[in-house]
1. State, to one decimal in nm, how far the label point of Gln25 lies from the label point of Asn105, with both points 7 Å from Cα in the Cβ direction.
2. If you average 1/r over every pair of different alpha-carbon atoms in segment 1-79 and take one over that average, what Kirkwood value in Å do you get?
3. Check Leu69: other-chain or 5+ apart residues with amide H under 5 Å from its amide H, H built from backbone geometry?
Amino acid sequence: MYANSGWVYLRRPLDRESRDVYRLQVTATDNGSPPASASANLTVYVSDANDNDPVFSSESYRFTVEENLPRGAPVGLLMATDRDLGANAALTYSLIPANSSFQVNPTTVVCKERRGRKRERERELQLASK
């Protein structure tokens, strides 16, 4: 805060994930003789910025499925989190590259077989969180 302006300024960048509320007391003092003063409480809420990448709970996932399972059979559950809040923390999931054998629900993260598959055609897939 600049002493004579009343404006409050940041001395350094803030990080909501470290601290989201600051409670301060401000005093205004005049130049009279004797000086008179008043105090007020100041609360600063730090809003969220989309400054965190999503993180999967594991670096890689391995699921084993029997061959010839019906279409839509669950393959496995994947989990990622984002330390941001609200819309900044909302995740959608997709398979990279798009695949004709598997599908992932973009919001519930259950990986399913899109069609029955033979074990002989098994391959590894990469999943990304957007």
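Just so it is clear, none of the values below were taken in a lab; they were calculated from the coordinates. Because the structure is predicted, anything quoted here is derived from the model rather than measured. Counting neighbours? That spans all protein chains shown, and the Cβs are built from the backbone with ideal geometry, glycine included.
1. So the label points at Gln25 and Asn105 sit 5.3 nm apart.
2. On the way: mean 1/r = 0.0534 Å⁻¹.
Taking every pair of different Cα atoms in segment 1-79, averaging 1/r and inverting gives 18.7 Å.
3. Sorted by chain and number, the residues that satisfy this are Arg117.
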